Structures are given as C-alpha cells and as structure tokens.
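Presented below is the structure to which this report refers.
The values are calculated or read from the model by the stated rules, or taken from the named source; none is laboratory data. Here the structure is a predicted model, which is why all the values come from computation and not from measurement. Positions of Cβ are generated from backbone atoms using ideal geometry, with glycine treated the same way; all protein chains shown enter the neighbour counts. Heavy atoms of the whole protein, side chains included, go into the accessibility calculation; ligands, DNA and RNA do not. Shrake-Rupley method; radii C 1.70, N 1.55, O 1.52, S 1.80 Å.
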Amino acid sequence: MRKESSTNTLNRNKIHVNCGMAYTLDLIGGRWKPAILWALLEGKLRYSELKKNIPDVSERILVLQLRELEKDGLIKRLVYAEVPPRVEYELTNDGQSMKQMLQIISDWGNVHRPKKTN
C-alpha cells in the first residue's frame, strides 16, 4: 500500500488523469491480470477453475490479483451461501468491454514474441 502523499502516487494520479493508455495499463498490468481477464471472457468461473486455467500462478498472487481487479471494477465476486461456500468470478460490463482490446494485444503478442529455438 502506497502513501497517498508519496511522489510516486501523486505522479501516477497525474498520469491517469491525462493519459488513458497509462490508466488502462495500470488496471491490467501485472503478470496474471490479463490471463485472469482472458479466462473470464468465457463466463463465470469458480476459483478452482481459474486456478486450473492459470496453473503457474501461486494462490497468494491469484487472490491478490482477483482482489485488485474487483476493486478496480473489472470483475465481480459472487458468494453463494452454501455449505461449503461457493465463490464465482465474472467480468463486469467494464471488464467485458475489454474483450476486443485483449484480443488485439494477444494477437500482437503471438506475432511478435520470440520464437522458441531448441
């Protein structure tokens, strides 16, 4: 958690006000957020299903990234009062609106990433 009065936070806030790209990249930035959003494009997923879709992410980081995406309004967490409790995640309308952008980023990455050499 950064101090609201730190130079870093003040600069980030100024950039967000003036640059939509910086704001967007800050929202989806991080190693696992794009993968989480991509997985949720297909619809609601339980935590365990997300973990299976993204096997290399640690549980701690997955929970942290899910919380950040929820706080930023890109996903919603649905808790069902059952025993055992069932939790599902789904994209909000704002999250759904990123579909085309995520597809373009994915396509660009597939074309430009280094080829495997074995």
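Taking the Cα centre as origin and putting +1 on Lys and Arg beta-carbons and -1 on Asp and Glu beta-carbons, what dipole magnitude results for the chain, to the nearest 20 debye?
I would put it at about 360 debye.
What number comes out for accessible area per residue over the range 70-116 if the probe is 1.4 Å? Units Å², please.
The answer is 77 Å² per residue.
Using helices alone, what [θ] at 222 nm do you get for the chain, with -39,500 (n - 2.57) per DSSP H run of 4 or more residues, divided over all residues and rounded to the nearest 500?
Calculated from helices alone, the mean residue ellipticity at 222 nm is -16500 deg cm²/dmol.
Please find, in a Gaussian network model of the chain (springs between Cα atoms separated by less than 10 Å), the residue of 84, 55, 34 whose mean-square fluctuation is greatest.
84
When the chain is modelled as a GNM with alpha-carbon springs shorter than 10 Å, which of 93, 18, 53 fluctuates the most?
Highest fluctuation among the options: 18.
Pick out which of 37, 91, 25 has the largest mean-square fluctuation in a Gaussian network model of the chain, springs linking Cα atoms closer than 10 Å.
Taking springs between Cα atoms under 10 Å, the residue moving most is 25.
Once you have the Cα-Cα distance between residue 9 and residue 96, take 0.36 nm times their residue separation minus that, and quote the gain in nm to one decimal.
Gain on extension, residue 9 to residue 96, equals 28.5 nm.
Residues with amide H under 5 Å of residue 75's amide H, sequence separation 5 or more or different chain, H placed in the peptide plane at 1.01 Å from N; which?
70, 92
Carbon and sulfur: what percent of the chain's accessible surface (1.4 Å probe)?
On the chain, the fraction of accessible area on carbon and sulfur atoms equals 54 percent.
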